[in-house]
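Right, one structure below, let's go through it.
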Amino acid sequence: MRFFLGTHIASWLWDDNPRLDGVALFVSRNRLAKRVTPFPAARRDWALDSGGFTELKEHGGWRLSPEEYAAEVRRYREQLGRLLWAAPQDWMCEPWVIYGGTHNGQRFAGTQEARGVLPGEPNDFTAAVRMHQEFTVQNYLELQRIAPDLPWIPVLQGWTLADYERCAQMYADAGVDLTAAPVVGLGSVCRRQATEEIARIVDTFHARGLNLHGFGVKTDGLGDYGDRLVSADSMAWSFGARREPKLSGCTHRAKNCANCPEWALQWRQRVLARMANATPRQLAFDLI
Ligand SMILES: [Zn+2]
């Protein structure tokens with residue numbers, strides 16, 4: 001499986017740091033979209049996160065049209081290059097994303113308005129999940145229509161296993177053969193606590209022959225189901241580094257390594273090593 005190192009520092013894509021060479025990166029649109037000047041050429045392969053979680057959390061829906069998003073992604077691919085795939089403008093299905101309010105100390109806008117639910121009207125969770133799934137599938141079809149040459153991936157969204165199965169059926173009904181897709185994103189799994197439930201969802205679709213990417217996975221869980229994913233990404237290193245003193249060899253001025261490639265690379269090695277130990281039958285890692 002290929003592990004994408006998530007980073008909030010877009011310049012790692014093009015920095016002349018040989019230690020980063022051969023390390024696949026995962027970068028959010030939120031870290032790229034505001035740049036006006038042309039991007040330098042990327043020096044390593046990468047995949048694009050659409051930043052949907054932040055968009056829905058803060059705005060309760062996508063402010064960007066599929067046409068605008070496709071134009072952005074085209075620019076990334078033409079200027080940066082080495083873009084392996086791009087996530088669509090998907091709709092996460094966590095209850096707190098749908099209903100809004102405070103979760104883990106963070107404010108969520110809620111998607112009532114985007115779903116056309118007026119204040120006081122019934123706001124059924126199952127109906128909301130279904131609508132988020134329809135939005136997600138429609139967006140993928142729309143992006144394929146607007147820019148068929150760009151490397152969009154379909155994303156499965158849902159909350160329960162039955163939801164994910166229904167989402168797969170929506171793709172099938174729309175004529176999309178998920179088993180033929182080089183990568184299928186698995187959304188809304190990363191912020192769950194229950195690793196067993198994630199493993200069950202992963203197992204189900206792995207058994208159907210899908211090439212799954214786990215978005216923002218908990219690295220603890222990778223030992224359990226990492227060998228059934230084709231790829232995963234995480235930027236948990238940065239949160240960890242904020243609470244620790246900087247590495248003894250580091251000469252940067254910042255007090256911690258929250259922005260430090262060396263810390264991120266050492267963390268990545270630990271993740272890959274732990275996965276290798278947990279799943280000895282699966283050793284085809286993309287070690288540098
Ligand atoms: Zn450092």
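The values are calculated or read from the model by the stated rules, or taken from the named source; none is laboratory data. The structure displayed is predicted, hence computed values, not measured ones. For neighbour counting, all protein chains shown are included, and Cβ atoms are generated from backbone atoms with ideal geometry for every residue, glycine included.
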>> Going residue by residue through the range 194-213, is there one that turns out to be closer than 28 Å to N17 by Cα, at pLDDT 95 or above and away from the ligand (no atom under 16 Å from the Cβ)?
In response: yes
> Taking the stated definitions as given, is Q133 buried (at least 22 other Cβ atoms within 10 Å of the Cβ), touching a residue at least 24 places away in the same chain (Cβ under 8 Å) and in contact with a Lys or Arg (Cβ under 8 Å, 6 or more places away or on another chain)?
Replying inline: yes
> Looking at A278, is it in contact with a helix residue (DSSP H, G or I) (Cβ under 8 Å, 6 or more places away or on another chain) and either modelled with pLDDT under 90 or within 20 Å of K218 (Cα to Cα) (or both)?
Replying inline: yes
> Does any residue in the range 234-246 that is closer than 11 Å to H8 by Cα and assigned to a loop (DSSP other than H, G, I, E, B) come within less than 9 Å, Cβ to Cβ, of a residue that is modelled with pLDDT under 95 and more than 12 Å from the ligand (Cβ to nearest atom) six or more places away or on a different chain, and which pairs are these?
Replying inline: M235/G216
> Between a first residue in the range 20-34 that is at pLDDT 95 or above and a second residue that is polar (S, T, N, Q) and in a helix (DSSP H, G or I), which pairs have beta carbons less than 6 Å apart while being 6 or more apart in sequence or on different chains?
Replying inline: N30/T54
> Can you tell me which residues in the range 251-267 are closer than 22 Å to G22 by Cα, in a loop (DSSP other than H, G, I, E, B) and within 6 Å of the ligand (Cβ to nearest atom)?
Replying inline: C257, C260
>> I'd like to check something: does the range 192-215 contain any residue that is touching a residue at least 12 places away in the same chain (Cβ under 8 Å), among the small types (G, A, S), surrounded by 15 or more Cβ atoms within 10 Å (Cβ to Cβ) and under 30 Å from C260 (Cβ atoms)?
In response: yes
> Within the set of pairs 6+ apart or on separate chains, which have a first residue in the range 179-191 that is within 21 Å of H132 (Cα to Cα), a second that is in a loop (DSSP other than H, G, I, E, B) and among the small types (G, A, S), and C-beta atoms under 7 Å apart?
Replying inline: G185/A87; S188/G158; C190/G216
> Looking at the range 165-183, which of its residues are among the small types (G, A, S), surrounded by fewer than 12 Cβ atoms within 10 Å (Cβ to Cβ) and part of a loop (DSSP other than H, G, I, E, B)?
Replying inline: G175
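Please indicate, with yes or no, whether at least one residue in the range 127-147 is among the aliphatic types (A, V, I, L, M), part of a loop (DSSP other than H, G, I, E, B) and either touching a Leu at 6+ places or on another chain (Cβ under 6 Å) or under 30 Å from R43 (Cβ atoms) (or both). I'd like the intermediate steps shown before the answer.
In the first step, residues of the range 127-147 are kept if they are among the aliphatic types (A, V, I, L, M); the result is 127-129, 131, 137, 141, 143, 146-147.
Those still in the list that are part of a loop (DSSP other than H, G, I, E, B) too: 147.
Retained after the next criterion (residues that are either touching a Leu at 6+ places or on another chain (Cβ under 6 Å) or under 30 Å from R43 (Cβ atoms) (or both)): 147.
The answer is yes; a qualifying residue exists.
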>> Which residue is nearest to the ligand (Cβ to nearest atom), if the candidates are limited to the range 220-249 and must be over 15 Å from F26 (Cα atoms) and within 16 Å of the chain's Cα centre (by Cα)?
In response: L222
> In the range 24-45, what count of residues is obtained for those that are in a loop (DSSP other than H, G, I, E, B) and in contact with a Leu (Cβ under 9 Å, 6 or more places away or on another chain)?
Replying inline: 10
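This table checks each residue for (1) surrounded by fewer than 17 Cβ atoms within 10 Å (Cβ to Cβ); (2) within 16 Å of the chain's Cα centre (by Cα).
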residue: P18; (1), (2): yes, no
residue: F26; (1), (2): no, yes
residue: A33; (1), (2): yes, no
residue: R44; (1), (2): no, no
residue: S65; (1), (2): yes, no
